[in-house]
Amino acid sequence: MIEQLIREKIKNFFKEYSCIEERENYLTFKIGDSILSIEILSGKEILDRNAILNSALKALAKFEYSNKVYLALPKVYASIIDGEILQNHGLGLLTYDEKEVKEVIPAKFIKKQLLTKENYERKIEELKIELKKLKENHMLLKSTVDTLKNEVEKLKKGLIKVPLIKEEKITEVKPQPKLEASINGLPSFFKNNPWLEVLAKRGKEPETYGS
Amino acid sequence: MSEEEEYKKAYTFGADYGTSDFKFGPITCGEIPKIIHNRGYFLDKDSIMYKAFEASKEVVVGDEVPLYLQSSEDLSKLIYPMKNGVIKKEDERAWRVVEEISRYSLKLFKPSSEDFHGFYIVASLSSVSPKYMYEKLFEIYKKINEEEPLIKAATIIQQPLAVAIAHKATTCVVIESGHGNTQICPISRYPIKNAIVAVNRGGGDANALTGEILKDLGYGDLAREEAFVRRVKENLGLIPANLEDAIEEAKGKPEKFMVEFKIPGTRITIEMKNEAWMRFLIGEYVFNPNHEVYQSFFTRGMPKPKDIKIGDMIFKGMLDFGEAIIESIERCPIELQPHLYKQILLSGGNFSWKVPEDVEGIAVDAATKIKLLLKEKGIEDVEAVMTEFPQYSVWRGCIIYGYAVPQDYEWSWERMEGWNKLL
């Protein structure tokens, strides 16, 4: 019950943040893209001499997915903590009693692009596409190498005499100025369709390749 | 905008007579046409249903058909007229379905506006449809118009041309592969008619092979149901980059290719374990059935795709797709050939194959397979792509064609194009 009250007080202290996860010993808040985590040490646990150290280590671990991390201690025990050590590690310190929650040391904001599940999935999809492209290229290259190997083998054996091939000269067709086809009110597949111009000339020009 | 453009903007009509679906509608449909099965159900005139509904028509088409089906026996009265893209001249029932389906489509979109004086209808037929099919279709349109003036002018174009128009490609090769056959049609602003190559092999042949494989796996009783076999083919079949390499890989590491397929809604599960290498036989067969591995299936009675004559066209059975493309393109002017290889459009359901992520490279998609087949034969610099929106592209091509071709260009039987004015 007491723990519940402490958590409520802390939630109230950070009321501009939205609480996204609540457990007995910690709270996680979100504001914008930033994540704020708070490790709470209750008065009950503090009887254990390693409890503060344990909580501080747990708090530090939260930097993996948080931009700001606080350690929350009962007010009476705050005096035994060396604030400088917490500051050096970027940890903030909150103290609480039955009346209020106080921010003794502000937490340092650690800039980082937190990878959410969606980010991971997107990244995996991108990598899959990249891998697919690589596989396709690899396959085409393998086939090219195989062809080349065969050609080299054949050449080596003197089985192929390379004929002199006169290259066919391709006549360059200069682009004609395009007739602007109005697509007002027409379906999207009319847009930039070169056939509109070609078909508009049907019956007015000699057939080239069709017969 | 001219008066003609203004009129056509409202009353151009596309009608794609596909093998299994009929896609139709006016330009005002926007991006997507209305789609119904290209089929008709012949009512039994002595039946209670016929008498009860006092139906004056003998053929039912469109969305109403399922309402008339009572048992699986009725399926024999269902006629799909465009099977293989060609209707025999004397096949009266098939022509009755085409007539009814055409009438149904025009009436469905008949505008009430006073300025409507008939549609500019652009019909699309398979590239292997003989001339008499064009004559028959025009006769049907004339007959419909005598009952009610719905068509101002009609024209008929080949489906590959419509695909090329919809894909904004003025120089390309369209390969249409359906259930029964495959057609390769080069286009350079016009379909190059004497370069069309037809192959008597399609999705149906891959189904037949899948059936034989299922028998070998011990599912002989299920292999008789074509719909089931087709699902197995679609879910288990793979196209190999190279058949021999793929078989070797799959025999060496069968665990990588093992598969289980449960037919949805049934208790049937097909398992391929050590025989998983056979998955590659299915895909390869579509593209090239000449490998010696298929010989054992032919010896055991599986029909070999034969050379046949449909209309004026010889359909070769065993020609591999790479060879067929080269044969088609080499009938075109030399200077055009490199440009054709650079834009190959693959259209039709027979090119939709899955490539599971973990076997990519060994299994490939249809476009890559075409590139590899051509590369084997020394053709480099090939670009092959699957068509976008395969279901609608022919209809879209028809709409653009109808809108753009001038109304004063009269139908010519020599050129097989122009407007046949019916009003």
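Applying the condition of being among the β-branched types (Val, Ile, Thr), modelled with pLDDT of 85 or more and more than 20 Å from the chain's Cα centre (by Cα) to the range B:19-60 and asking which residue is most open to solvent (accessible area, probe 1.4 Å) yields B:Thr28. Just one of the numbered conditions (1) touching a residue at least 40 places away in the same chain (Cβ under 8 Å); (2) buried (at least 22 other Cβ atoms within 10 Å of the Cβ); (3) within 14 Å of chain A (Cβ to nearest Cβ) is not true of B:Gln158: (1). Can you find a residue in the range B:371-386 that is in a loop (DSSP other than H, G, I, E, B), touching a residue at least 40 places away in the same chain (Cβ under 8 Å) and either more than 15 Å from A:Ser143 (Cβ to Cβ) or of a type in the set (Gly, Ala, Ser) (or both)? Yes, the range B:371-386 has at least one match. When we screen B:Lys88, B:Lys83 for residues that are open to solvent by 90 Å² or more (accessible area, probe 1.4 Å), in contact with a helix residue (DSSP H, G or I) (Cβ under 9 Å, 6 or more places away or on another chain) and modelled with pLDDT of 85 or more, the only hit is B:Lys88.
Scan the range A:190-207 and give yes if some residue there is more than 9 Å from chain B (Cβ to nearest Cβ), farther than 23 Å from B:Val364 by Cβ, at pLDDT below 85 and open to solvent by 50 Å² or more (accessible area, probe 1.4 Å), otherwise no. Yes, the range A:190-207 contains a residue that is more than 9 Å from chain B (Cβ to nearest Cβ), farther than 23 Å from B:Val364 by Cβ, at pLDDT below 85 and open to solvent by 50 Å² or more (accessible area, probe 1.4 Å).
Taken over the range B:411-423, the criterion of being assigned to a loop (DSSP other than H, G, I, E, B) and within 10 Å of chain A (Cβ to nearest Cβ) is satisfied by B:Glu414, B:Arg415, B:Met416, B:Gly418.
Evaluated against (1) in contact with a helix residue (DSSP H, G or I) (Cβ under 6 Å, 6 or more places away or on another chain); (2) open to solvent by 40 Å² or more (accessible area, probe 1.4 Å); (3) more than 14 Å from chain A (Cβ to nearest Cβ), B:Arg331 falls short on exactly one condition, (3).
Picking from residues in the range A:55-103 that are aliphatic (A, V, I, L, M) and open to solvent by 80 Å² or more (accessible area, probe 1.4 Å), the one that is nearest to the chain's Cα centre (by Cα) is A:Leu57. If you go through the range A:147-158 and keep only what is within 12 Å of chain B (Cβ to nearest Cβ) and at pLDDT below 85, you end up with A:Thr147, A:Asn150, A:Glu151. Filter the range B:334-361 down to residues that are at pLDDT 95 or above and assigned to a loop (DSSP other than H, G, I, E, B) and give me whichever is farthest from A:Leu140 (Cα to Cα). For the range B:334-361, the residue satisfying everything is B:Gln343.
Filtering the range B:381-410 to residues that are open to solvent by 40 Å² or more (accessible area, probe 1.4 Å) and either more than 9 Å from every other protein chain (Cβ to nearest Cβ) or over 21 Å from B:Ile140 (Cβ atoms) (or both) leaves B:Asp381, B:Glu383, B:Val385, B:Met386, B:Glu388, B:Phe389, B:Pro390, B:Gln391, B:Tyr392, B:Gln407, B:Asp408. The set of residues in the range B:348-380 that are surrounded by 18 or more Cβ atoms within 10 Å (Cβ to Cβ), away from chain A (no Cβ under 11 Å) and polar (S, T, N, Q) contains only B:Asn350. Considering only residues in the range B:161-180 that are open to solvent by less than 10 Å² (accessible area, probe 1.4 Å) and away from chain A (no Cβ under 14 Å), the one that is modelled with the highest pLDDT turns out to be B:Ile175.
From the list A:Ala56, A:Ala72, the one residue that fits, being away from chain B (no Cβ under 14 Å) and farther than 22 Å from A:Lys15 by Cβ, is A:Ala56. Each residue in the range B:291-302 was checked for being farther than 9 Å from B:Leu209 by Cβ and in contact with a helix residue (DSSP H, G or I) (Cβ under 9 Å, 6 or more places away or on another chain), and 4 pass.
Filtering the range A:64-105 to residues that are in a helix (DSSP H, G or I) and aromatic (Phe, Trp, Tyr) leaves only A:Tyr77. Considering the range B:111-136, the residues that are more than 29 Å from the chain's Cα centre (by Cα) and among the polar types (S, T, N, Q) include one that is least open to solvent (accessible area, probe 1.4 Å), namely B:Ser113.
The values are calculated or read from the model by the stated rules, or taken from the named source; none is laboratory data. Here the structure is a predicted model, which is why all the values come from computation and not from measurement. Methodologically, a virtual Cβ is constructed for each residue, glycine included, from the backbone with ideal geometry; neighbour enumeration extends over all protein chains shown. Calculation scope for accessible area: heavy atoms of the full protein, side chains included, ligands and nucleic acids excluded. Shrake-Rupley method; radii C 1.70, N 1.55, O 1.52, S 1.80 Å.
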